[in-house]
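**Student:** This is the structure I want to talk about, given as structure tokens.
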Amino acid sequence: MTLQKEVHEFIPIADTILCGNEEKYVTEAIRTKWVSSKGPFVKRFEDAFAQFVGTRYATSVSNGTAALHLAYHAVGIQKDDEVLMPNLSFIATANAAAYLGAKPVFVDVDPKTWNLDPKKIEEKITDKTKAIVCVHLYGAPCDMSALTKIAKTHQLPLIEDAAEAHGARFEGKTVGGFGDLSAFSFFGNKIITTGEGGMVVSNNSQLIDRVNFLKNHGMIPEQQYWHPEIAFNYRMTALQAGFGLGQLEGIQKIIQQKKEVYKAYLNGLSDISSIEFQQSPKNSESVWWMTTIKVPHRDSFMNVLKRHGIDSRRVFYPLSQLPPYHSSESFPVSEEISSSGVSLPSGAGITRAQIDYVIQVVRNFFSQN
Ligand SMILES: Cc1ncc(COP(=O)(O)O)c(C=O)c1O
């Protein structure tokens with residue numbers, strides 16, 4: 001079979017789409033000299049983001065890891081506490097607990113959604129457990145109905161790591177609105193970006209006040225330069241916020257594109273029985289940040305894509321296998337997804353011709369393997 005290579009040069013895994021007034025707002029920040037973390041754009045971006053998620057409050061930070069660190073800190077996680085989280089996530093989910101001297105305790109994931117398996121949480125709860133963290137992996141919402149119930153029963157704070165899932169919905173409600181605190185990332189490959197950046201959202205004013213205090217060197221608002229504890233500088237700049245505000249204007253378009261990309265891959269590949277797509281739970285809408293599939297011979301599959309100018313990305317290693325968190329405990333589901341999972345090019349700017357080309361290359365691989 002001859003492949004139609006002429007349609008493109010290189011197909012990246014993700015891209016940045018400029019779809020609002022990013023340039024105008026950043027220029028305005030420069031022109032007015034409000035380039036640091038003060039000035040109108042920070043507040044405007046926070047207010048617009050809170051409205052987008054549907055929470056009362058949002059506070060911007062320097063990146064998604066800082067958002068998690070502050071969220072864990074604000075709910076009171078301390079040295080030697082245990083924090084439950086899925087074994088399949090980016091390392092930042094665990095690192096933010098380790099920064100506080102706490103121990104990440106891993107829970108295996110659901111074989112279809114690849115997210116925290118609610119059936120496996122309660123057996124891991126001990127006297128030391130201080131929070132449950134769920135991660136909406138690759139844009140697919142967790143089962144928030146089960147998770148909120150478990151958190152409530154055990155009176156544990158629930159934190160959403162929504163770094164990859166801006167705009168995803170569970171039973172009609174936008175993710176980020178379920179947890180006591182939720183964290184978002186605006187890294188360059190995320191649904192929307194500010195270059196680097198993050199946001200903490202909540203409906204709880206006390207928790208948000210605590211995050212604001214912690215991100216600003218622990219200075220109390222009433223008394224300039226009075227710092228009752230050691231804290232952090234995790235503030236976002238107005239340049240980032242201006243860019244983010246522009247991105248937010250186009251977010252629905254980006255999400256729609258991401259969904260179309262997933263649908264196109266599903267239509268083009270679902271008859272190949274050895275490919276398994278990540279699924280979104282019942283009554284939910286994933287934003288499909290990355291269309292991710294399980295395939296046999298994953299590493300040679302990725303090599304073939306690369307030879308055809310197609311970028312791809314392996315699924316994260318299970319956190320329990322990474323040196324800082326190494327454990328001999330077995331997590332069969334996350335281990336299997338990690339060893340066979342691969343994300344396909346999922347940028348919102350990918351063209352139909354490029355998707356068709358990827359499909360063609362994938363189909364060709366499976367006709368020979
Ligand atoms: C699930 C998850 N959590 C946290 C982060 C950390 O975000 P950041 O890179 O903005 O620090 C990321 C992304 O990088 C992520 O994918």
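None of the figures in this text is laboratory data; all of them are computed from the coordinates on show. For clarity, every value in this text was computed on a predicted model and none was experimentally measured. Heads up, the Cβs are rebuilt from the backbone with ideal geometry, glycines too, and the neighbour counts pull from every protein chain shown.
**Student:** Can you order the peptides 276-286, 295-305 by their average number of other Cβ atoms within 10 Å per residue, highest first? Write out the running numbers ahead of the final one.
**Tutor:** Numbers: 276-286: 18.6, 295-305: 16.2.
With the highest mean Cβ count within 10 Å placed first, the list reads 276-286, 295-305.
**Student:** Using a simple charge model, +1 on the beta-carbon of Lys and Arg, -1 on the beta-carbon of Asp and Glu, nothing else, what dipole does the chain show about its Cα centre, in debye to the nearest 20?
**Tutor:** On the way: 37 positive and 38 negative charges, 104 e Å.
Computed about the Cα centre, the dipole is about 500 debye.
**Student:** Now a separate question. What percent do you get for the relative contact order of the chain when only Cα pairs under 8 Å and 6+ apart count?
**Tutor:** Here the relative contact order equals 25 percent.
**Student:** Just how far, in whole angstrom, is region 333-349 from region 51-68 if you go by their alpha carbon centroids?
**Tutor:** Going from one Cα centre to the other spans 26 Å.
**Student:** Distance cut-off 27 Å, Cα to Cα: go down the list K124/K215; K124/K263; K263/K306 and report the pairs above it. Mind showing how you got there, number by number?
**Tutor:** Values: K124/K215 31 Å; K124/K263 36 Å; K263/K306 23 Å.
In this structure, K124/K215; K124/K263 exceed 27 Å between Cα atoms.
**Student:** Set the bar at 21 Å for Cα to Cα. Now go through K128/K149; K190/K282; K119/K149; K38/K173; K79/K152; K128/K152 and name every pair that lies beyond it.
**Tutor:** On the way: K128/K149 19 Å; K190/K282 24 Å; K119/K149 12 Å; K38/K173 32 Å; K79/K152 23 Å; K128/K152 17 Å.
Long pairs (Cα-Cα over 21 Å): K190/K282; K38/K173; K79/K152.
**Student:** Full extension from Q252 to K33: what is 0.36 nm times the residue separation minus their Cα-Cα distance, to one decimal in nm? Mind showing how you got there, number by number?
**Tutor:** Details: separation 219, 0.36 × 219 = 78.84 nm, distance 3.03 nm.
Going from the current span to full extension adds 75.8 nm.
**Student:** Considering only the other residues whose Cβ falls under 15 Å of the Cβ of A264, what net charge follows from Lys and Arg at +1 and Asp and Glu at -1?
**Tutor:** Working: positive: K258, K259, K263, R352, R363; negative: E260, D271, D356.
Residues close to A264 contribute a combined charge of +2.
**Student:** Can you check what the net charge comes to around V175, using other residues whose Cβ is under 11 Å from the Cβ of V175 (Lys, Arg +1; Asp, Glu -1)? Before the final figure, lay out the partial values.
**Tutor:** Values: positive: R169, K173; negative: E160, D161, E164, E171, E285.
With Lys, Arg at +1 and Asp, Glu at -1, the net is -3.
**Student:** Once you have the Kirkwood Rh of the chain from its Cα pairs, apply Stokes-Einstein at 37 °C and 0.692 mPa s and quote D in µm²/s. Show your work: numbers first, answer last.
**Tutor:** Numbers: Rh = 21.2 Å.
It diffuses with D of about 155 µm²/s by this estimate.
**Student:** Let me ask something additional. When the chain is fully extended, how far beyond the present Cα-Cα distance does I220 get from L18, taking 0.36 nm per residue of separation? Provide the component values of the computation, followed by the final result.
**Tutor:** Details: separation 202, 0.36 × 202 = 72.72 nm, distance 3.74 nm.
Roughly 69.0 nm would be gained on extension.
**Student:** For every other residue with a beta carbon closer than 11 angstrom to the beta carbon of K120, add +1 if it is Lys or Arg and -1 if Asp or Glu, then tell me the sum.
**Tutor:** -3
**Student:** Any idea what diffusion coefficient region 99-234 gets from Stokes-Einstein, in µm²/s, Kirkwood Rh on alpha carbon pairs, 20 °C, 1.002 mPa s?
**Tutor:** Values: Rh = 16.3 Å.
In µm²/s, the coefficient rounds to 131.
**Student:** Right, next: So, in nm, how far is label N303 from label I230 when the simple model puts each one 7 Å beyond its Cα toward the Cβ?
**Tutor:** 4.8 nm
**Student:** May I pose another question? Would you please name the GluC sites (Glu not before Pro) within region 306-369 that are DSSP coil residues with at most 12 other C-beta atoms within 10 Å of their C-beta? Intermediate values should be presented prior to the final figure.
**Tutor:** Numbers: sites: E329, E335, E336; in loops: E329.
Passing both the DSSP loop test and the Cβ count: E329.
**Student:** I would also like to ask the following. Can you list, largest first and rounded to whole Å, the semi-axes you get for region 237-369 by taking the square root of 5 times each eigenvalue of its Cα gyration tensor? Provide the component values of the computation, followed by the final result.
**Tutor:** Numbers: eigenvalues 140, 105, 45 Å².
Listed largest to smallest, the semi-axes of region 237-369 are 26, 23, 15 Å.
**Student:** Zone of Y99 (label point 7 Å along Cα→Cβ, backbone N under 16 Å): which residues in region 25-62?
**Tutor:** 59-62
**Student:** Per 0.36 nm of contour for each residue apart, how much would the distance between K173 and Q206 grow if the chain were fully extended, relative to their Cα-Cα spacing? Write down the numbers at each step before the final one.
**Tutor:** Working: separation 33, 0.36 × 33 = 11.88 nm, distance 2.26 nm.
Going from the current span to full extension adds 9.6 nm.
**Student:** So what's region 43-181 giving for Cα Rg divided by 2.2 N^0.38 Å, two decimals? Spell out each step's value before the answer.
**Tutor:** Numbers: Rg = 14.0 Å, N = 139, 2.2 N^0.38 = 14.3 Å.
Dividing the Cα Rg of region 43-181 by 2.2 N^0.38 Å gives 0.98.
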